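**Student:** There's a structure below that I have some questions on.
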């Protein structure tokens, strides 16, 4: 099974809770606060494993959750950080944020790692809140919630040579002849529904070749296997255009080539500019020689190698030439980043850190920072509640509620909890 696109949700681990504790030992009357901090929650990390070829493992992991950090303890003992969760993916995997559709990272190197969701920091123990004015704080924090994201993972085949062309022109047969790959071969269109990879060995050298699903007219706009095929073709150094010179099924080789080139150009100018070689296949058929003459008249500048994949004619010549082309393009990055950088960090300016709305007399307060502060506050500790109120006041929430029309005694909702708006 070949899986090249999946969507998953990741939730990084929450931080461990801070501890409220005081040192109480005989003969030490002024021990003071000694509550330790919680440990960091586990990050969710994607790591490249070049041994993987598909995203099939992720298909069955719709939700990936991290582990919570260890809670802090008394005697100034900080909690341990949780172990990171590492998810292995194939080389060539691109990760998108589904909510923004922005590229987070393009994983193109073996063992490359990227944190897709950061674990929450540990909550601070009461020792961390000691100040000159407050020498014995009686409160601590819960751990920060881990980052949550919905991700789209997309795999693009990585190969030195990509075999392209119409269905049933002999791409799969050629792949099976020049490599140890065993693609499905049958006498009907779209036998190849997913890319097949093979390694071609030439003495002490080798290169990777991909048999890509057949194209049809309109592929660049999504017809047939459409842009799914073209997406994989972007990740090849060389395009090897296989053409049925025997004109099987009454096709015209010149028109076939024109059609495929047009689809490639419509899809991407970068794809159209890749090195290309024409493989004139099925030269053992009756009309192949005449068709080849017409093709050369139409495209006199194209490099053409005549073969018969079925009869193994000129196979060694083709393999050696493909190896030469691969070596001559070593300065071109096989793992092309296309139009984006290896990873992009976007930060959007928020005009307002929170919003206030009224729903049937209840004032609803929403905002990322406010909700994080709420989740990290221990409301069973009086000083923690007072700190929470001071923080909101410092953020201008109290004034904003009054300006919106809230009156003392009204109900204010944060997440699923209700509070009374007091002095």
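**Student:** Which of the residues spanning the range 403-423 are closer than 16 Å to residue 142 by Cβ and surrounded by 11 or more Cβ atoms within 10 Å (Cβ to Cβ)?
**Tutor:** 414, 415
**Student:** May I pose another question? Go through the range 54-97 residue by residue and tally those that are farther than 20 Å from residue 147 by Cα, within 16 Å of the chain's Cα centre (by Cα) and crowded, with 19+ Cβ neighbours inside 10 Å.
**Tutor:** 6
**Student:** Test residue 184 against the stated conditions and say whether it is modelled with pLDDT under 85 and surrounded by fewer than 24 Cβ atoms within 10 Å (Cβ to Cβ).
**Tutor:** So residue 184 fits the description; yes.
A quick yes/no check of all residues on (1) closer than 30 Å to residue 12 by Cα; (2) modelled with pLDDT under 80; (3) in contact with a helix residue (DSSP H, G or I) (Cβ under 8 Å, 6 or more places away or on another chain); (4) crowded, with 23+ Cβ neighbours inside 10 Å:
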site	(1), (2), (3), (4)
141	yes, no, yes, yes
147	yes, no, no, no
159	no, yes, no, yes
165	no, no, yes, yes
170	no, no, no, yes
173	no, no, no, no
189	no, yes, no, no
200	no, no, yes, no
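**Student:** Any residue at all in the range 36-48 that's within 22 Å of residue 115 (Cβ to Cβ), modelled with pLDDT under 95 and either assigned to a loop (DSSP other than H, G, I, E, B) or touching a strand residue (DSSP E or B) at 6+ places or on another chain (Cβ under 7 Å) (or both)?
**Tutor:** Within the range 36-48, one or more residues are within 22 Å of residue 115 (Cβ to Cβ), modelled with pLDDT under 95 and either assigned to a loop (DSSP other than H, G, I, E, B) or touching a strand residue (DSSP E or B) at 6+ places or on another chain (Cβ under 7 Å) (or both).
**Student:** Additional query: Let me confirm something: among 400, 384, which residue is modelled with pLDDT of 90 or more, surrounded by 14 or more Cβ atoms within 10 Å (Cβ to Cβ) and under 19 Å from residue 19 (Cβ atoms)?
**Tutor:** 384
**Student:** Tally the residues that are part of a loop (DSSP other than H, G, I, E, B), in contact with a strand residue (DSSP E or B) (Cβ under 7 Å, 6 or more places away or on another chain) and either within 17 Å of residue 171 (Cβ to Cβ) or at pLDDT 90 or above (or both), restricting the search to the range 299-329.
**Tutor:** So the answer is 5.
Yes/no per residue for (1) crowded, with 22+ Cβ neighbours inside 10 Å; (2) at pLDDT below 75; (3) more than 22 Å from residue 5 (Cα to Cα):
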residue: 204; (1), (2), (3): no, no, yes
residue: 226; (1), (2), (3): no, yes, no
residue: 232; (1), (2), (3): yes, yes, no
residue: 246; (1), (2), (3): yes, no, yes
residue: 253; (1), (2), (3): yes, no, yes
residue: 258; (1), (2), (3): no, no, yes
residue: 264; (1), (2), (3): yes, no, no
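**Student:** Here is a further query. Among the residues of the range 49-72, write down those that are in contact (Cβ under 8 Å) with a residue 40 or more places away in the chain, under 30 Å from residue 199 (Cα atoms) and either touching a strand residue (DSSP E or B) at 6+ places or on another chain (Cβ under 6 Å) or not in a loop (DSSP other than H, G, I, E, B) (or both).
**Tutor:** Hits for the range 49-72 are 49, 55, 56, 58, 59.
**Student:** Quick one: which residue in 110, 17 is within 21 Å of residue 143 (Cβ to Cβ), touching a strand residue (DSSP E or B) at 6+ places or on another chain (Cβ under 9 Å) and touching a residue at least 60 places away in the same chain (Cβ under 8 Å)?
**Tutor:** Answer to the check: 17.
**Student:** So for the range 295-312 (the condition being under 16 Å from residue 251 (Cα atoms) and surrounded by 17 or more Cβ atoms within 10 Å (Cβ to Cβ)), does at least one residue qualify?
**Tutor:** Scanning the range 295-312 turns up at least one residue that is under 16 Å from residue 251 (Cα atoms) and surrounded by 17 or more Cβ atoms within 10 Å (Cβ to Cβ).
**Student:** Is it the case that some residue within the range 108-131 is part of a strand (DSSP E or B) and surrounded by fewer than 17 Cβ atoms within 10 Å (Cβ to Cβ)?
**Tutor:** Yes, there is a match, as at least one residue in the range 108-131 is part of a strand (DSSP E or B) and surrounded by fewer than 17 Cβ atoms within 10 Å (Cβ to Cβ).
**Student:** Right, here's the next one. Could you look through the range 266-284, keep only residues that are farther than 16 Å from residue 236 by Cα and modelled with pLDDT of 90 or more, and pick out the one that is farthest from the chain's Cα centre (by Cα)?
**Tutor:** 284
**Student:** Determine whether residue 14 is more than 23 Å from residue 149 (Cα to Cα) and outside any helix (DSSP H, G or I).
**Tutor:** No, not satisfied.
The values are calculated or read from the model by the stated rules, or taken from the named source; none is laboratory data. Just so we're clear, the structure is a prediction, and the values are computed from it rather than from any experiment. Glycine also receives a Cβ, built like all others from the backbone with ideal geometry; neighbour counts cover every protein chain displayed.
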